1. Being in contact with a Cys (Cβ under 9 Å, 6 or more places away or on another chain), within 19 Å of Leu208 (Cβ to Cβ) and open to solvent by 10 Å² or more (accessible area, probe 1.4 Å) is the filter here; which residues of the stretch 47-92 pass it?
2. Can you tell me which residues in the stretch 1-46 are hydrophobic (A, V, I, L, M, F, W, C), within 15 Å of Ser165 (Cα to Cα) and open to solvent by less than 30 Å² (accessible area, probe 1.4 Å)?
3. Would you check which residues across the stretch 190-211 are surrounded by 18 or more Cβ atoms within 10 Å (Cβ to Cβ) and part of a loop (DSSP other than H, G, I, E, B) and list them?
4. With respect to Ala136, is the statement that it is free of Cβ contacts under 8 Å to residues at least 40 places away in the same chain, surrounded by 18 or more Cβ atoms within 10 Å (Cβ to Cβ), of a type outside the set (Lys, Arg) and in contact with a Leu (Cβ under 7 Å, 6 or more places away or on another chain) true?
5. If you scan the stretch 93-117, which residues turn out to be over 29 Å from Ser135 (Cβ atoms) and open to solvent by less than 40 Å² (accessible area, probe 1.4 Å)?
6. Show the residue pairs that are 6+ apart or on different chains and have beta-carbon atoms under 6 Å apart, the first residue being within the stretch 81-92 and more than 14 Å from Cys42 (Cα to Cα), the second being surrounded by 10 or more Cβ atoms within 10 Å (Cβ to Cβ).
7. So for the stretch 94-108 (the condition being touching a strand residue (DSSP E or B) at 6+ places or on another chain (Cβ under 6 Å) and either over 26 Å from Pro209 (Cα atoms) or modelled with pLDDT of 95 or more (or both)), does at least one residue qualify?
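The values are calculated or read from the model by the stated rules, or taken from the named source; none is laboratory data. On a predicted model such as this, the values are computed, not experimentally measured, just so you know. Ideal geometry is used to build each Cβ from the backbone, glycine not excepted, and the neighbour counts take in all protein chains shown. With ligands, DNA and RNA removed, areas are computed over all heavy atoms of the protein, side chains included. Shrake-Rupley method; radii C 1.70, N 1.55, O 1.52, S 1.80 Å.
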Amino acid sequence: MLTYDTWTDQERDFIADDPSKGALDVLRWAYDEYDEKLVYACSFGVEGIVMIDLISQIKPTAHVVFLDTGLHFKETYALIDEVQKRYPQLVIEMKKPELTVAQQAEKYGDNMWERQPDRCCYMRKVIPLRETLSSATAWLSGLRREQSASRSKTDFINKDETFQSVKICPLIHWTWTDIWDYVKEHQLPYNPLHDQGFPSIGCAPCTLPGDTTTGSREGRWANQTKTECGLHQPAAGNE
């Protein structure tokens, strides 16, 4: 089994010229390799919906974790309920941080996401995912190379220095058009905020509408230099 500690840069041959652009081949390998030691961290954006549909074809009982910061849009929570009904065998874990939003405000002050957005993300997303991955060997992510410059070198299989894990990204070759074509073809549910000008959807206080023509991450942490929450920090040779 390939792990963080046994990492090798040896290339693996995946069928990247099939209709899924390698995604299904990668997922088959991943679940064969890790089975119950593999978790999918899903934000329930449109890429996440595609990932869930693909995963359900390989592992209907897959473990999906949603980092429930307590600050998401109501539309996101409603979508999770809808997805659970469509894929009843999926195990969707709503992973919460140690402190509620109110407790965080009492301890550190109101609206930390405005004053210290990195610290807020670290407390409400990075630490909870680290706790989840402590019992997993590898995790899945819906990153696409097209999304941003920092993600343009993401591979199917990545050595994840942030969580000392193996990060698997089946959708790296998918375009924004590919994502939406798949959603429409399979009549998948998705967050209605995508139809209201939100290409990327995170916590409500930190997400504004952006350019919906390319699926970029424009609109996340608008008016700040921050572009990532800390889950996907670039590393040499990886994403």
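1. Selection gives Leu71, His72, Phe73.
2. Within the stretch 1-46, Leu2, Ala30, Leu38, Val39, Ala41 meet the criteria.
3. Tyr190, Asn191, Phe198, Pro199, Ser200, Ile201, Gly202, Gly210
4. no
5. Listed by number, the residues that qualify are Ala105, Gly109.
6. Glu82/Pro189; Tyr87/Ser56; Gln89/Pro60; Gln89/Thr61
7. Just the residues of the stretch 94-108 that are touching a strand residue (DSSP E or B) at 6+ places or on another chain (Cβ under 6 Å), to begin with: 94-95.
Right, trim to either over 26 Å from Pro209 (Cα atoms) or modelled with pLDDT of 95 or more (or both) and you get 94-95.
Yes - at least one qualifying residue is present in the stretch 94-108.
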